[in-house]
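The values are calculated or read from the model by the stated rules, or taken from the named source; none is laboratory data. Model, not experiment: these values are computed from the prediction. All Cβ positions, even for glycine, are placed from backbone atoms using ideal geometry, and neighbour counts span all protein chains on display. In case anyone asks, the SASA skips ligands and DNA or RNA and just uses the protein heavy atoms, side chains included. Shrake-Rupley method; radii C 1.70, N 1.55, O 1.52, S 1.80 Å.
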Amino acid sequence: MMTDPIADMLARVRNAIQVRKMHVDMPASKIKAQIARILLENGYVLNVKYIDDGLQGKLRIYLKYTEEHQSAIEGLKRISVPSRRVYVKKDTIPRVMGGYGTAIISTSRGVMTDKECRRNGFGGEVLCHVW
């Protein structure tokens, strides 16, 4: 049993970037699929696919690199962990790297970026920071 599947997802992506893999596979879940969707929409990854294996399914994330083999993702940090949840109100949503990064926030309306939360006036649980 895994206690923090989101931290496992971020660690898998971080490790794959470090060894310059083209894609990374992980067990699928709805929250991981929503985080991967946000990474895709914000240009951090090339593509996201769901692979049906007859069981839980797998989520395959295709990583994005520049011509100089630099990853589009410089860093990933888990903020809210099972032992210490971090919630923010709509007025106190954090800016990652002065606005250059993205905070991924779980709200009552689904998983959103910090920019979407500010625009729509939602607060929620800060899942992670990506820059």
Roughly how tilted is helix 30-41, in degrees to the nearest 10 and between 0 and 90, from the longest Cα axis of the chain? 90
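How would 129, 23 line up by accessible area, probe 1.4 Å, largest first?
Accessible-area ranking of 129, 23, largest first: 23, 129.
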Can you tell me the relative contact order of the chain? Whole percent, Cα pairs under 8 Å, sequence separation 6 or more. 22
With a 1.4 Å probe and every protein chain kept in, tell me what percent of the accessible surface of the chain is carbon plus sulfur. 51
Among 87-100, 110-123, what's the highest-first ranking by average C-beta atoms within 10 angstrom per residue? 110-123, 87-100
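Counting heavy atoms of the protein chains only and a 1.4 Å probe, report the per residue accessible area for the chain as a whole number of Å².
60
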By how many nm would the segment from residue 125 to residue 69 lengthen if fully extended, with 0.36 nm per residue of separation less the alpha-carbon distance? 16.8 nm
Place a +1 charge on the Cβ of each Lys and Arg in the chain and a -1 charge on the Cβ of each Asp and Glu, then give the dipole magnitude about the Cα centre in debye, rounded to the nearest 20. 300
Would any residue of the range 106-131 have its amide N under 17 Å from a label point 7 Å out along Cα→Cβ of residue 91? List them or say none. 118-124
Multiply the residue gap between residue 41 and residue 11 by 0.36 nm, knock off their C-alpha separation, and tell me the result in nm, one decimal place. 8.8 nm
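What are the semi-axes of the equivalent ellipsoid of the chain, taken as the square roots of 5 times the eigenvalues of the Cα gyration tensor, listed largest first and rounded to whole Å?
24, 18, 13
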Mean Cα-pair separation over length for the range 66-131, i.e. relative contact order, pairs under 8 Å, 6 or more apart, %: 43
Check the straight Cα-Cα distances from residue 89 and name the lysines below 19 Å, setting aside those fewer than 8 residues away within the same chain. 115
